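*Asks:* Please read through the structure below; I'll follow up with questions.
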Amino acid sequence: MKKFVKNYIGKAKKVEGLEIIKVNMKIADLVKFAHKYNGEDYISLEIARLQNPDKFGHDYTVYVNRLEEEQAESSPAPKKPTKKVKASKQEVPADSPF
């Protein structure tokens with residue numbers, strides 16, 4: 001099954017007094033997510049506002065949203081706990097040492 005996976009590649013700040021968002025990213029991270037469209041290379045980015053600024057004052061996060069094949073779980077699903085059945089009282093033979 002395929003699902004969208006967010007690959008976080010950068011952070012951004014709003015420039016004080018202007019309607020501009022300054023984005024910082026590593027080029028190596030960008031190149032990994034390049035794709036071809038009509039024979040040209042593109043990188044599609046998504047920028048989302050953070051709920052709270054981080055310790056460096058970044059207000060936004062930058063990520064690439066890619067459709068990837070979901071990996072099958074390597075271990076089987078955990079089994080439901082089973083009820084323990086109490087052992088019924090058994091008669092002990094008269095010649096038993098117990």
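Where a number appears in this text, it was derived from the coordinates with a stated rule and is not lab data. Just so it is clear, the model here is predicted, and its values are computed rather than measured. Cβ atoms come from the backbone with ideal geometry, glycine included; neighbour counts cover every protein chain shown.
*Asks:* Taking the stated definitions as given, is Ile20 among the hydrophobic types (A, V, I, L, M, F, W, C) and over 27 Å from Lys3 (Cα atoms)?
*Replies:* Taking the combined requirement at face value, the residue satisfies it.
*Asks:* Got a number for residues in the stretch 8-40 being out of contact with any Ser or Thr (no Cβ under 8 Å at 6 or more places or on another chain), surrounded by fewer than 14 Cβ atoms within 10 Å (Cβ to Cβ) and part of a strand (DSSP E or B)?
*Replies:* The total comes to 5.
*Asks:* Under 6 Å by Cβ, and 6 or more places apart or on different chains, what pairs join a residue from the stretch 4-24 that is within 12 Å of Leu45 (Cα to Cα) with one that is not in a strand (DSSP E or B)?
*Replies:* Short answer, once both residue conditions are applied: Ile9/Asp29; Lys11/His58.
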